[in-house]
Amino acid sequence: MADSPTSGLAATITLKFTDAESLAESLATYSGQHGTGGLCIQVIKYYEIGDQLLVNLDFGEQPLPIRGVVAWRKPGYIGVRFQPATADENKTFSYIRKLLGESRNGSVGSAPPVADVTKPFAE
């Protein structure tokens, strides 16, 4: 099982969005100090700093997978730094950067990483 693409992962998290625009809005608002490289996620489970995760971004089309690592944690929240490990994950990361660039050119503001209780949520 050591050859499995998911070996070494602490969890797989799926974040659901209504459409690409809501995904872009969340990325712009909850990317915190990571910029395009991460996302603040509200969680129930406990994760250690350094835990590797697979994050599936689901917004109506086929979910976009990307690996990440827990960079920081606060009660109920984790900061995930994206670390693409495959060609598909690199495509996802490029798409995220494109979405974030487009949303920052619009009217979406920036918020601190733990300012709101309506962050992307995963169990």
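Taking the residues in the range 2-38 that are among the hydroxyl-bearing types (Ser, Thr, Tyr) and at pLDDT below 85 as candidates, determine which candidate is nearest to Phe82 (Cα to Cα). Working first, answer last.
Let us first name the residues in the range 2-38 that are among the hydroxyl-bearing types (Ser, Thr, Tyr), namely 4, 6-7, 12, 14, 18, 22, 26, 29-31, 36.
This time we only want the ones that are at pLDDT below 85, so: 4, 6-7, 26, 29-31, 36.
Details: Ser4: 20, Thr6: 15, Ser7: 17, Ser26: 15, Thr29: 16, Tyr30: 13, Ser31: 11, Thr36: 9 Å.
Result: Thr36.
Going by what's in this entry, would Lys74 be described as within 15 Å of Tyr30 (Cα to Cα) and at pLDDT 90 or above? Steps first, answer last, please.
Values: within 15 Å of Tyr30 (Cα to Cα): yes; at pLDDT 90 or above: yes.
Taking the combined requirement at face value, the residue satisfies it.
Just a yes or no: is a residue in the range 10-21 outside any strand (DSSP E or B), over 19 Å from Ser94 (Cα atoms) and of a type in the set (Asp, Glu)?
Taking the range 10-21 as the starting set, the residues that turn out to be outside any strand (DSSP E or B) are 10, 17-21.
Those left that are additionally over 19 Å from Ser94 (Cα atoms): 10, 18.
Next cut, of a type in the set (Asp, Glu) only: none.
No: zero hits.
State which residue is surrounded by the most Cβ atoms within 10 Å (Cβ to Cβ) when the search covers only the range 75-97 and only residues that are polar (S, T, N, Q) and in a loop (DSSP other than H, G, I, E, B). Steps first, answer last, please.
Taking the range 75-97 and keeping what is polar (S, T, N, Q), we get 83, 86, 90, 92, 94.
Adding the requirement that they be in a loop (DSSP other than H, G, I, E, B) leaves 83, 86.
Values: Gln83: 16, Thr86: 12.
Only one residue tops the list, namely Gln83.
Which one of Glu61, Glu48 is modelled with pLDDT of 85 or more, among the acidic types (Asp, Glu) and exposed (fewer than 15 other Cβ atoms within 10 Å of the Cβ)?
Details: Glu61 fails: modelled with pLDDT of 85 or more.
Of the residues listed, the single one that is modelled with pLDDT of 85 or more, among the acidic types (Asp, Glu) and exposed (fewer than 15 other Cβ atoms within 10 Å of the Cβ) is Glu48.
The values are calculated or read from the model by the stated rules, or taken from the named source; none is laboratory data. Everything numeric here is computed off the predicted structure, so don't read it as measured data. Don't worry about glycine lacking a Cβ; one is built from the backbone with ideal geometry, like all the others, and counts go over all protein chains shown.
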